[in-house]
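These notes are about the structure you will find just below.
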Amino acid sequence: MRCFTVLGPSQTGKSTLVEKLGALEGAPKKSVSPYGLGVTEFTFGKEVWCALDAPGANESLAHAQDALLASDACILCVSPAPEDAVLAAPYLKVIEASGTPCILFVNRIDEPRGRVRDVISALQGYSSHSLVLRQVPIREGDKVVGTCDLISERAWRYREGQTSALIAIPESELEREHEARAELLEQLSEFDDWLLEELIEDRDPPSDAVFAISSRVLRENKVIPVLLGAASHSNGILRLMKALRHEAPPVDVLLKRLAASAKVPENALAAVSFHAYHRQNIGKTVLVRALKDGLKQGALLGGGRLGPVQEPGTGKPTASGIPVPGDVFSTVKSDHLPVPSLLTADAAKAAPEWTAPPTPMLERILVPESERDETKLSETLTKLVETDRGLTVMQEEGTGAQLVRAQGPVHLRDLCKTLAEVFHVNVTDRPPSPVYRETISKSADVHYRHRKQTGGAGQFADVKLSVHPNGRGDGFSFGEVVKGGAVPRNFIPAVEAGAREAMEKGPLGLHVIDVGVTLTDGQHHSVDSSEFAFRAAAKMGVRQALAEAAAVLMQPVFRVEIHIPSMFSGSLVPIVSSFKGQVLGFDRDETAKGWDIFRAIIPGAALDDLARSLRAATQGIGHFSKAFDHFEELYGKEADAIINAHAQAAHAG
Ligand SMILES: Nc1nc2c(ncn2[C@@H]2O[C@H](COP(=O)(O)OP(=O)(O)OP(=O)(O)O)[C@@H](O)[C@H]2O)c(=O)[nH]1
Ligand SMILES: [Mg+2]
């Protein structure tokens, strides 16, 4: 079985394309869309093909990436409008990182949206591979009525819902065709000395030779050929499928690529798992592509026994039950298989780094509608994280509530839907609140005596303490300048422990940071003093001192790294400023052509808004990762509101 992924921006016609490709030679064997990824199996040119249809939302980029991991080649399906080119940037980035040979398909060519040339040159800005135009459109007025193939120099007229009709190249197109062909040959000659020589000698190379070169350069992933069409009208579909048949590399090329990445010998790599989803009463279903002979139910794979070998669409056993290299199948009762991963008989190796999804930007607390579901929710989320790497789950500091990080609103909605429909856990969500702290802004001294006389032994400890602000980030410190054993040595650690305890909750009700405590003097009693008494005295004493030391609210500030196509970099400065952030600067992303990495410092409370504004300003493409940087004082009305809200929450809780 040969396998390719169809990916690209939302609504460019990917699913339509897969449907039409699948129907070129009779009805596709099966088609299914298990949570995000469509799998269509069909026959073309006496070979069995599997098309993986990745959803187009930016939030599901991870599905597209995982599909590439199992694909011999891919079709990047784009809109014919030059201004939409930037939407394809994230896909070009992952295709390039994955090393998957790619054919670019400019779809919806029936819609007059601009010049193909402009689309290509805009897309070229995001690809370090040359985009090689293989067809030029034949126009009548502003309508594309057919294409001319630049290698065979044959022209086709589109026919609605049918294969195109061969025609002579119209006179009016001849000159443009020659120009475009010359450019194509020149691009290919970069990778072929013979062709270069032919061109230098001014000879016109025969089509077969050029076809052969063009197949080779795609297999070797040197260029991205560009074809045109209109999927919904079946135009350009046969050409595309023929190009795939001749030019997509065989599965051994994928095997080589994956074995190198997993650092295992080629003959050890048995399969790749690339997608998984949960179904009610059935459990985890894993999609696998076999890379080696010898797989069947019960065989050792990834360190455990492989479950039943099923057709991805129907879930029925496959005809033979014994997949051969290249076959895509699904399996259940194979919960030991991580996804995505590269599988030998006895180990599951990590998928290459490029498959890592973008850092999830949307943080929400999930609250089960019924309290009884709390444990179930946390168990279910743990399960879901295994099959959805775009999702992160943790516990909220302070409350212990379930905190999830999702790729965006659509991803979160899908998650809640799965929770409800598959696992019967209904949840509501709310934004988490940033983790605030407090510190003091001046020094204060206190004299505190702890004394209790309850029946038998008494308690006595007397301490003189001073508290003072420490430098930002210096944390808590403790010192003592006690003279003459006023507080005996052995009780001093207890004083420090008490002072530390007092930091857990300051006058604003928050954890206290960056404060120094000094024990200056004290008294003890030879019988009634104890570690316990000194700890209690220090804790109460420090609390009192803090209350007099002008507490201030501290807000968390994060360092963010924003990844965006360069054309959006300018628009980020006002966004960051509007959130009281500080721009640190931006650099070209060395790993992705046409992308910048923009760095800034931003208050934690603004991260949610930053995610929203970033999505809006970059058509959903931009994403950021964040790391805590420091705490910073916050004054005025804003601080008062936070302190009040916190006090109310503490009261309610
Ligand atoms: N005019 C025109 N419309 C098309 C063409 N191909 C697909 N469409 C239409 O575009 C819309 C989107 O098609 P889909 O195939 O669902 O697009 P998709 O890329 O799979 O969309 P997502 O999976 O949501 O990203 C549908 O209304 C199709 O009928 C085409 O070649 N020309
Ligand atoms: Mg689709």
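The values are calculated or read from the model by the stated rules, or taken from the named source; none is laboratory data. Predicted model, so just to flag it, every value in this text is computed and none were measured. Note that we place each Cβ from the backbone using ideal geometry, even for glycine, and neighbour counts take in every protein chain shown. Quick note on the areas: whole protein, heavy atoms, side chains included, nothing else; ligands and nucleic acids left out. Shrake-Rupley method; radii C 1.70, N 1.55, O 1.52, S 1.80 Å.
So that you can scan it fast, the table gives a plain yes or no per residue for (1) among the charged types (D, E, K, R); (2) in contact with a helix residue (DSSP H, G or I) (Cβ under 8 Å, 6 or more places away or on another chain):
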site: PRO325; (1), (2): no, yes
site: ASP335; (1), (2): yes, no
site: LEU342; (1), (2): no, yes
site: PRO352; (1), (2): no, yes
site: THR355; (1), (2): no, yes
site: ILE365; (1), (2): no, no
site: LEU377; (1), (2): no, yes
site: LYS383; (1), (2): yes, no
site: THR387; (1), (2): no, no
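Can you confirm whether the range 302-322 contains a residue that is free of Cβ contacts under 8 Å to residues at least 12 places away in the same chain, on the phi < 0 side of the Ramachandran plot and open to solvent by less than 60 Å² (accessible area, probe 1.4 Å)?
yes
Go through the range 437-465 and count every residue that is closer than 14 Å to PHE532 by Cβ and touching an Asp or Glu at 6+ places or on another chain (Cβ under 7 Å).
Within the range 437-465, residues that are closer than 14 Å to PHE532 by Cβ and touching an Asp or Glu at 6+ places or on another chain (Cβ under 7 Å) number 4.
For the structure I just gave you, tell me whether ASP192 is in the same structural domain as PRO80 (by TED's automatic domain parsing), acidic (Asp, Glu), within 17 Å of MET241 (Cα to Cα) and surrounded by 13 or more Cβ atoms within 10 Å (Cβ to Cβ).
Values: in the same structural domain as PRO80 (by TED's automatic domain parsing): yes; acidic (Asp, Glu): yes; within 17 Å of MET241 (Cα to Cα): no; surrounded by 13 or more Cβ atoms within 10 Å (Cβ to Cβ): yes.
No, not satisfied.
Mind listing whichever residues of the range 436-459 are aromatic (Phe, Trp, Tyr) and either modelled with pLDDT under 95 or part of a loop (DSSP other than H, G, I, E, B) (or both)? Give the steps one after another, and end with the answer.
Restricting attention to the range 436-459, the residues satisfying the condition of being aromatic (Phe, Trp, Tyr) are 436, 448.
Residue satisfying the conditions is TYR436 alone.
Go through the range 202-235 and give me each residue that's surrounded by fewer than 21 Cβ atoms within 10 Å (Cβ to Cβ) and within 16 Å of ligand 2 (Cβ to nearest atom).
Residue satisfying the conditions is SER232 alone.
Just to be sure before I move on: is PRO469 under 30 Å from GLY604 (Cβ atoms), in contact (Cβ under 8 Å) with a residue 12 or more places away in the chain and not aromatic (Phe, Trp, Tyr) in the structure I sent?
Numbers: under 30 Å from GLY604 (Cβ atoms): yes; in contact (Cβ under 8 Å) with a residue 12 or more places away in the chain: yes; not aromatic (Phe, Trp, Tyr): yes.
So PRO469 passes the test.
Just wondering, is there one or more residues in the range 520-534 that are hydroxyl-bearing (Ser, Thr, Tyr) and not in a loop (DSSP other than H, G, I, E, B)?
Of all residues in the range 520-534, those hydroxyl-bearing (Ser, Thr, Tyr) come to 520, 526, 529-530.
Within this subset, residues satisfying the condition of being not in a loop (DSSP other than H, G, I, E, B) are 520.
Yes: the range 520-534 contains one or more residues that are hydroxyl-bearing (Ser, Thr, Tyr) and not in a loop (DSSP other than H, G, I, E, B).
Taking into account only those residues within the range 243-282 that are out of contact with any Leu (no Cβ under 8 Å at 6 or more places or on another chain) and in a strand (DSSP E or B), which is least open to solvent (accessible area, probe 1.4 Å)?
TYR277
Given the residues GLU379, GLU363, GLU374, GLU397, which is the only one that is farther than 30 Å from GLU41 by Cα and part of a strand (DSSP E or B)? So that I can check it myself, show each step before the final result.
Values: GLU379 fails: part of a strand (DSSP E or B); GLU374 fails: part of a strand (DSSP E or B); GLU397 fails: part of a strand (DSSP E or B).
Answer to the check: GLU363.
If GLU153 satisfies all but one of (1) among the charged types (D, E, K, R); (2) more than 16 Å from ligand 2 (Cβ to nearest atom); (3) in contact (Cβ under 8 Å) with a residue 60 or more places away in the chain, what's the number of the condition it fails?
Tallying (1) among the charged types (D, E, K, R); (2) more than 16 Å from ligand 2 (Cβ to nearest atom); (3) in contact (Cβ under 8 Å) with a residue 60 or more places away in the chain, GLU153 fails exactly one: (3).
Does LEU131 count as closer than 22 Å to LYS222 by Cβ and in a strand (DSSP E or B)?
On the way: closer than 22 Å to LYS222 by Cβ: yes; in a strand (DSSP E or B): yes.
When the stated conditions are applied, LEU131 passes them.
With the checklist (1) under 20 Å from ASP118 (Cβ atoms); (2) over 39 Å from the mean Cα position of the chain (by Cα) in hand, flag the one item THR147 doesn't pass.
(2)
Identify the single condition in (1) buried (at least 19 other Cβ atoms within 10 Å of the Cβ); (2) under 23 Å from LEU123 (Cβ atoms); (3) free of Cβ contacts under 8 Å to residues at least 24 places away in the same chain that LEU240 does not satisfy, given that it satisfies every other one.
Exception for LEU240: condition (3).
Can you find a residue that is within 30 Å of ASP293 (Cβ to Cβ) and within 12 Å of ligand 1 (Cβ to nearest atom) anywhere in the range 57-71?
yes
Among the listed residues VAL251, VAL226, which satisfies the condition of being among the aliphatic types (A, V, I, L, M) and touching a Pro at 6+ places or on another chain (Cβ under 8 Å)? Lay out the reasoning, then the answer.
Working: VAL226 fails: touching a Pro at 6+ places or on another chain (Cβ under 8 Å).
Criteria check complete, one pass: VAL251.
Among helices (runs of 4 or more DSSP H) lying entirely in the range 1-118, which contain 3 or more residues that are open to solvent by 20 Å² or more (accessible area, probe 1.4 Å), away from ligand 2 (no atom under 16 Å from the Cβ) and in contact with a Cys (Cβ under 7 Å, 6 or more places away or on another chain)?
Numbers: elements: 14-22, 61-68, 89-98.
Because the criterion is at least 3 residues that are open to solvent by 20 Å² or more (accessible area, probe 1.4 Å), away from ligand 2 (no atom under 16 Å from the Cβ) and in contact with a Cys (Cβ under 7 Å, 6 or more places away or on another chain), no helices (runs of 4 or more DSSP H) in the range 1-118 meet it.
Out of curiosity, is LEU199 without any contact (Cβ under 8 Å) to a residue 60 or more places away in the chain, open to solvent by less than 60 Å² (accessible area, probe 1.4 Å) and among the hydrophobic types (A, V, I, L, M, F, W, C)?
Taking the combined requirement at face value, the residue satisfies it.
Of all residues in the range 154-185 being touching a helix residue (DSSP H, G or I) at 6+ places or on another chain (Cβ under 7 Å) and closer than 22 Å to VAL210 by Cα, which is surrounded by the most Cβ atoms within 10 Å (Cβ to Cβ)?
LEU185
Here's a check for you: in the range 612-622, which residue that is open to solvent by less than 40 Å² (accessible area, probe 1.4 Å) and of a type outside the set (A, V, I, L, M) is nearest to PHE598 (Cα to Cα)?
Filtering the range 612-622 for residues open to solvent by less than 40 Å² (accessible area, probe 1.4 Å) gives 613-614, 617-618, 620-622.
Now narrow it down to the ones that are of a type outside the set (A, V, I, L, M): 613, 618, 620, 622.
Details: SER613: 15, THR618: 13, GLY620: 16, GLY622: 10 Å.
The selected residue is GLY622.
Going through the range 590-606 one residue at a time, which ones are more than 17 Å from the chain's Cα centre (by Cα) and not in a strand (DSSP E or B)?
GLU590, LYS593, GLY594, GLY604, ALA605, ALA606, listed by residue number.
Looking only at residues in the range 363-414 that are within 15 Å of ALA57 (Cα to Cα) and touching a Lys or Arg at 6+ places or on another chain (Cβ under 8 Å), which one is most open to solvent (accessible area, probe 1.4 Å)? Spell out the reasoning first.
Step one: list which residues in the range 363-414 are within 15 Å of ALA57 (Cα to Cα), which gives 390, 406-414.
Filter once more, keeping what is touching a Lys or Arg at 6+ places or on another chain (Cβ under 8 Å): 406, 408, 412.
Numbers: ALA406: 1, GLY408: 0, LEU412: 16 Å².
Checking each candidate, the answer is LEU412.
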